[in-house]
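The values are calculated or read from the model by the stated rules, or taken from the named source; none is laboratory data. In this text the structure is predicted, and so the values were computed from the model without any measurement. Note that each Cβ is placed from the backbone with ideal geometry, even for glycine, and that neighbours are counted across all protein chains shown.
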Number of protein chains: 2
Amino acid sequence: MKMFEVSSVAKAKRKILDHFSSFRLDDELVEIYDAAGRVLSEDVLSKNNIPHFRRSTVDGYAVFAKDTYGASESLPAFLDIVGEVHMGKGAEINIIENQTVYVPTGGMIPKGADAVVMVEYTEMLEDESLAVMGSVTVKENIVDIGDDIFENETVLRKGQILRSQDIGVLASIGLDRVKVYKKPTIAIISTGDEIVGTNEEVKLGQIRDINTHTLTVMAEQLGCEITKKTVVRDEFDLLQEELKNSLKNSDIVIISGGSSVGTKDITRDVIESVGNSEVFIHGLAIKPGKPTIIAKVANCLVLGLPGQPVSAMVVFKVIVDYFVKYIQNIENEIKYGIEAKLSSNVHSAQGKETYQMVTVEKAGDEYIATPIYGKSGMITLLSRAKGYIVIDMNKEGILKGEKVTVYRF
Amino acid sequence: MKMFEVSSVAKAKRKILDHFSSFRLDDELVEIYDAAGRVLSEDVLSKNNIPHFRRSTVDGYAVFAKDTYGASESLPAFLDIVGEVHMGKGAEINIIENQTVYVPTGGMIPKGADAVVMVEYTEMLEDESLAVMGSVTVKENIVDIGDDIFENETVLRKGQILRSQDIGVLASIGLDRVKVYKKPTIAIISTGDEIVGTNEEVKLGQIRDINTHTLTVMAEQLGCEITKKTVVRDEFDLLQEELKNSLKNSDIVIISGGSSVGTKDITRDVIESVGNSEVFIHGLAIKPGKPTIIAKVANCLVLGLPGQPVSAMVVFKVIVDYFVKYIQNIENEIKYGIEAKLSSNVHSAQGKETYQMVTVEKAGDEYIATPIYGKSGMITLLSRAKGYIVIDMNKEGILKGEKVTVYRF
């Protein structure tokens, strides 16, 4: 029997870097409305100052600050109201000392003025003069030119995943389109003589295809474009044909099932048969997910994943996530999780990075993570889980009561 | 000057429940491939046992467990190999005592057998007999009928947001379509005489529209369908027209800008002018976001949000998130965050729920959250932030060094 030469996850990632260091993803221009979740392929600079005119942050009166010094309710400063600024219009009036102009929130500050007194601290008198009953300092209640964004400032960086607020920044500087990486393309092939689709009848010995569905959803959530999703029988020629076709238009090809070293496991042989291919990992020190194949074929990442749904999802999460972020220059992100206390000991095999599914419940002020177990291949193991915890390969487990971070699948 | 009657966020939520207790969102059948992120409108039961036949979890030999008791390398048990089970086929052979059949991983266990011996613990002899060099217990290496899912078991519940693994469960029980709530529909209207779109020229006194963009992306990420996104001038008739039209086909109407109590703030008057409307909140004890209007018009939630981009996003996050989850029966979720230590004191106004933007950096084994500040209306305040922390309305702030949880916008 062939044996695995098991690699650590860290080593697998290093080898992916080595093999794909010259990989380049094309970019494309997209409308900013369609750009959320996409990844910038170049830095974005602002051509303008934002704001490009001085704005008031309050409803009030634009003044020379020094005209208000010492003003109080008992001893107001009196200024001449010489006009009003309208929203969305230039402030055409300039003021000189002892003059003032009404400016609404967001309105333009007229020339001369260097502060705004909130309307609450003023009183308009009958003869178009204003009593100011408080003092303001220079620049008070004013957003200056470029205070938000300077001309030529880099507002967003290459490799950044665009969030709603980043789309807001793009809108604020007047960009209607932005350059992002093309979505990584991915083909998802499930193999297995026992696998049938959702519309077919399930006979004895057969089970329904799960992996095509779960991996497709994961790939879409990761921002990939699906070039193919299909189920094929465990036949060398059929699988080879599907792989060859997928290589033509995909950055990533996933084959789930047949990745182990049994007599019926043909994935490795098929990958090696198509030419210009190198299997550089067969066997990953991860649990679940050991029988994993990682290969480069032409310029494409080809993964052989275990057929067990949970294993396939775990390896996808670890390896495909990593690759998709790498080829889009996404920096290693701080991941959001749930800090919880473990409700019972979790044992793990030293030398393997272990992914343990858990439920999470609130107990008083803290969260309790409870490991859940199931026999190999049970999909409900995942659907019952809130998320997973990762146990380092150098540990033998985590003890009851220890703090863990639960991540989302 | 009109004044706010400020309500706490908790009170606002209670009032929303009171006013929308009879709100019903329709449901629809969608293909499971399109169902990720959607919300189940009814419980899902499995019609079948999964698996519906006994499966082997290993490559090995199906046996009567008791035939292996006491077997060891020095004293193997010898069994007659009477056949082989093929993947995806029924096991047509029944075994009797002292017989065995080869079964691949995932293959069907033949009748009679009650355990599987891993191939590693066996040796096939020349005369079609098998030496078994270890013992197995009853049910060892077998997934029983219904072990994953029982017939009539509720596998997923109403109000559940469908994740990749849940789609996998739906696939495993043979559902190709599933009943989910229709996407909540939302119209987004930004008002302001100073606001221009991304394709227009910006003159002095004008700024570009941000809110339509940020709120649209947030609404989409929340699973809503956008019925309208538009910018209108601060004119009563225009805004009334847009609101009336939006009410016809939207569950939620957002009007950003003009939500305060100044002379130019017309949102409340417009909402009250359209008939069958009730403004039940004007003024929210939240920072930023105080000048917020919450109303029910016919059967529609109408929100007046502050025009400042950060305030608008914060209130959207708090109120629209809540409403969208409520009308889809989504249970109060445990939110993923980042546990961090605060790098400096954050002051907050007691009596207001405060949303403070922070950056997050790794320092050794822990994360450090640093508050970032900016003048009112700066969008870069959000784009520079990793997320936000929430300071309870009963607190006056959080001290440097305290633990905080950072949430994603």
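Some notes on this structure:
- When the range A:315-329 is filtered for residues that are farther than 15 Å from A:ILE293 by Cα and either part of a helix (DSSP H, G or I) or free of Cβ contacts under 8 Å to residues at least 12 places away in the same chain (or both), the ones remaining, listed by number, are A:ASP321, A:TYR322, A:VAL324, A:LYS325, A:TYR326, A:ILE327.
- Residue match in the range B:85-95 (condition: over 27 Å from A:SER260 (Cβ atoms), among the polar types (S, T, N, Q) and in contact (Cβ under 8 Å) with a residue 12 or more places away in the chain): yes
- Conditions (1) part of a helix (DSSP H, G or I); (2) within 11 Å of another protein chain (Cβ to nearest Cβ); (3) more than 23 Å from the chain's Cα centre (by Cα): number failed by B:LYS11: (2)
- Any hit, the range B:267-281, residues being over 20 Å from B:LYS325 (Cα atoms), within 14 Å of chain A (Cβ to nearest Cβ) and surrounded by fewer than 24 Cβ atoms within 10 Å (Cβ to Cβ): no
- Residue within the range B:300-318 that is more than 9 Å from chain A (Cβ to nearest Cβ), under 29 Å from A:PHE150 (Cβ atoms) and charged (D, E, K, R) present: yes
- Residue check for A:ASN199: surrounded by 19 or more Cβ atoms within 10 Å (Cβ to Cβ), of a type in the set (S, T, N, Q) and within 22 Å of A:SER383 (Cβ to Cβ): no
- Considering the range A:54-113, and only residues there that are aromatic (Phe, Trp, Tyr) and touching a Phe, Trp or Tyr at 6+ places or on another chain (Cβ under 9 Å), the residue that is farthest from B:VAL196 (Cα to Cα) turns out to be A:TYR61.
- Apart from one condition, A:LYS228 fits all of (1) at pLDDT 95 or above; (2) in contact with an Asp or Glu (Cβ under 6 Å, 6 or more places away or on another chain); the exception is (2).
- Checking A:LYS352 against (1) away from chain B (no Cβ under 14 Å); (2) surrounded by fewer than 19 Cβ atoms within 10 Å (Cβ to Cβ); (3) basic (Lys, Arg); (4) touching a residue at least 60 places away in the same chain (Cβ under 8 Å), the condition it does not meet: (2)
- Options A:VAL297, A:VAL261, A:VAL318; residue that is at pLDDT below 95, surrounded by fewer than 23 Cβ atoms within 10 Å (Cβ to Cβ) and β-branched (Val, Ile, Thr): A:VAL261
- Residues in the range A:169-217 that are at the interface with another protein chain (Cβ under 9 Å from one of its Cβ atoms), touching a residue at least 40 places away in the same chain (Cβ under 8 Å) and part of a loop (DSSP other than H, G, I, E, B): A:ILE173, A:GLY174, A:LEU175, A:ASP176, A:GLY192, A:ASP193, A:ILE210.
- For A:SER22, the criteria (1) over 30 Å from A:MET118 (Cβ atoms); (2) in the same structural domain as A:VAL116 (by TED's automatic domain parsing) hold in every case but one, which is (2).
- Qualifying residue in the range B:211-219 (condition: modelled with pLDDT of 95 or more and surrounded by fewer than 20 Cβ atoms within 10 Å (Cβ to Cβ)): no
Residue by residue, here is whether (1) over 27 Å from A:ASP26 (Cβ atoms); (2) within 26 Å of the chain's Cα centre (by Cα); (3) among the charged types (D, E, K, R) holds:
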| position | (1), (2), (3) |
| --- | --- |
| A:GLN240 | yes, no, no |
| A:LYS244 | no, no, yes |
| A:GLY258 | yes, no, no |
| A:VAL261 | yes, no, no |
| A:THR267 | yes, no, no |
| A:GLY283 | yes, no, no |
| A:LYS287 | yes, yes, yes |
| A:VAL297 | no, no, no |
| A:VAL302 | no, yes, no |
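- Considering residues of the range A:140-159 that are on the phi > 0 side of the Ramachandran plot and surrounded by 15 or more Cβ atoms within 10 Å (Cβ to Cβ) only, the residue nearest to the other protein chains (Cβ to nearest Cβ): A:ASN141
- In the set (1) more than 8 Å from every other protein chain (Cβ to nearest Cβ); (2) farther than 11 Å from B:ILE338 by Cα, the condition left unmet by B:GLY374 is number (1).
- Residues located in the range B:120-133, provided they are at pLDDT 95 or above and assigned to a loop (DSSP other than H, G, I, E, B): B:MET133
- The set of residues in the range A:89-112 being buried (at least 21 other Cβ atoms within 10 Å of the Cβ) and farther than 11 Å from A:ARG55 by Cα consists of A:ILE95, A:GLN99, A:THR100, A:VAL101, A:TYR102.
- Selection from the range A:25-39 of residues that are in contact (Cβ under 8 Å) with a residue 12 or more places away in the chain and either aliphatic (A, V, I, L, M) or not in a strand (DSSP E or B) (or both): A:LEU25, A:ASP26, A:LEU29, A:VAL30, A:ILE32, A:TYR33, A:ALA35, A:ALA36, A:GLY37, A:ARG38, A:VAL39
- The range A:339-349, subset buried (at least 16 other Cβ atoms within 10 Å of the Cβ) and either within 8 Å of another protein chain (Cβ to nearest Cβ) or over 30 Å from B:THR105 (Cα atoms) (or both), residue nearest to the chain's Cα centre (by Cα): A:GLU339
- Residues that are aliphatic (A, V, I, L, M) and over 34 Å from the mean Cα position of the chain (by Cα), drawn from the range A:185-206: A:VAL202, A:LEU204
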